[in-house]
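Nothing in this text is a laboratory measurement; each read-out follows from the coordinates by a stated rule. Computed from a prediction, not measured in an experiment: that's the story for all the values here. Virtual Cβ from ideal backbone geometry, glycine too; neighbours counted across all protein chains shown.
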Amino acid sequence: MIKFKTKILKVSEAPEGVWTYALEIPQGFGWDEGTHMHVANLGFDEGDAPNRDQIRHMSVMSLPTEGYLGFTTKIDAEPSEFKSVLKDLKEGDSLVLFKFGSRMVLRREERTILLLSMGVGITTMRPLILKYKEDRSGISELYSINVNGDGDYVYYDEIEPLVGDGFDTVWCRHRTEYYERLADLVKSKNPICYVVGNDAFIKDHILKLRNLKVSDNDIIVDKKPEIRRDYYHLRD
């Protein structure tokens, strides 16, 4: 397994309690939109076995063209062991990255794509949006629909100005409004749907999208094949 030790270039908070870490890109390394990785604190592998409490699965929130490799995460008042260390790191400190992969690359089939996310789940969608703005080929339209109960939308000030040229956004505080907007778009667009959120959010979407006549092949989730199969075996 290849591991990269890389330095933190910048740490920023926006909105409150949500932190973005911009890291140096390892030499010669590249990635696609929708890539995920494991992030670990230094020393996680010093014992007989890796300390899994010091490792987290993260979505890469940047593109290589931006000049940094980034991730965004929410840090609560009582953080996990991993985030207790992470929150005290600053510019110049290091993290370890490994197990990169991608299951969320944009499908370019001359169809509309809906990016459906909850809260900080929009982290996964940010590079897909930026990639679409760079190259719209094979995609009719792109919509980002995010629901966040507290109304503090992650990346709002960055993403909202990108609206136009086939891209649009929907920001919702309440699930009722969110599902109404989702249903309207699905019925009128015959879309491919990318879904990011917690397990309950993903399972709920699979059932709701099926009821709206979206095929399982057009419901994209960032999960391993064996886990994805379990999701798709759901029944009403």
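Distance from the alpha carbon centroid of the stretch 126-154 to that of the stretch 1-79 works out to 21 angstrom.
Phi-derived couplings, Karplus 6.51 cos²θ - 1.76 cosθ + 1.60 at θ = phi - 60°, listed residue by residue for the stretch 32-40: 9, 4, x, 6, 10, 7, 9, 10, 10 Hz, with x used for Gly and Pro.
Taking 7 Å steps out from each Cα toward its Cβ at Asn211 and Asp168 produces label points 2.4 nm apart.
Show that you can apply the helix-only estimate: for the chain, add -39,500 (n - 2.57) for every DSSP H stretch of four or more residues, divide by all residues, and state [θ] at 222 nm to the nearest 500. Numbers along the way, then the final one.
Working: 6 runs with 59 residues, N = 236.
The helix contribution divided over the chain gives -7500 deg cm²/dmol.
Going by the alpha-carbon gyration tensor, a ≥ b ≥ c the square roots of its eigenvalues, is the stretch 111-232 rounded (a/c under 1.5) or, if a/c is not under 1.5, prolate (a/b greater than b/c) versus oblate? Let's see the in-between values first.
Details: a/c = 1.43, a/b = 1.21, b/c = 1.18.
It comes out rounded by the Cα gyration axes.
Taking Cα atoms only, the orientation of helix 175-189 departs from the longest principal axis of the chain by about 60 degrees. Computing FRET efficiency as 1/(1 + (r/R0)^6) for Leu89 and His57, where r is the C-beta to C-beta distance and R0 is 22 Å, gives about 0.75. State the label only: which of [x] 122; [y] 162; [z] 140 corresponds to volume of the Cα convex hull per residue in Å³ computed from the shown model? The listed entry that was calculated here is [z].
Report the GluC sites (Glu not before Pro) located in the stretch 14-71 that are in a DSSP loop and have at most 11 other Cβ atoms inside 10 Å of their Cβ, or state none.
When the GluC sites (Glu not before Pro) of the stretch 14-71 are filtered for loop state and at most 11 Cβ neighbours within 10 Å, Glu16, Glu46 remain.
Coordinate range of the alpha-carbon atoms in the stretch 3-102 per principal axis, descending: 36, 34, 25 Å.
Distance between the 7 Å Cα→Cβ label points at Arg111 and Asp135: 2.0 nm. Greater than 27 Å separation of Cα atoms is the criterion. Which listed pairs, Lys87/Lys203; Lys10/Lys133; Lys90/Lys224; Lys99/Lys208; Lys3/Lys203; Lys5/Lys223, meet it? With Cα atoms farther than 27 Å apart: Lys87/Lys203; Lys90/Lys224; Lys99/Lys208; Lys3/Lys203. Here is the list for the stretch 158-196: trypsin sites (Lys or Arg not before Pro) lying in DSSP coil, each with at most 16 other C-beta atoms within 10 angstrom of its C-beta, are Arg173. Phi angles across the stretch 207-223 convert, under the Karplus curve 6.51 cos²θ - 1.76 cosθ + 1.60 with θ = phi - 60°, into 3J(HN,Hα) values of 5, 5, 5, 4, 5, 8, 6, 8, 6, 4, 5, 9, 10, 9, 10, 8, 9 Hz, Gly and Pro given as x.
Whole-Hz Karplus values for the stretch 108-125 come out as 10, 10, 6, 10, 7, 10, 10, 9, 10, 9, 10, x, 6, x, 5, 3, 5, 7 Hz, taken residue by residue from phi with 6.51 cos²θ - 1.76 cosθ + 1.60 and θ = phi - 60°; glycine and proline positions read x. Per-residue packing, averaged as other Cβ atoms within 10 Å, sorts the ranges 136-145, 156-165, 121-130, 78-87 into the order 121-130, 136-145, 78-87, 156-165, beginning with the highest.
Between Ile227 and Ala49, what is the FRET efficiency for a Förster distance of 25 Å, r being their Cβ-Cβ separation, to the nearest 0.05? Intermediate values should be presented prior to the final figure.
Numbers: r = 23 Å, r/R0 = 0.92.
It comes to 0.65.
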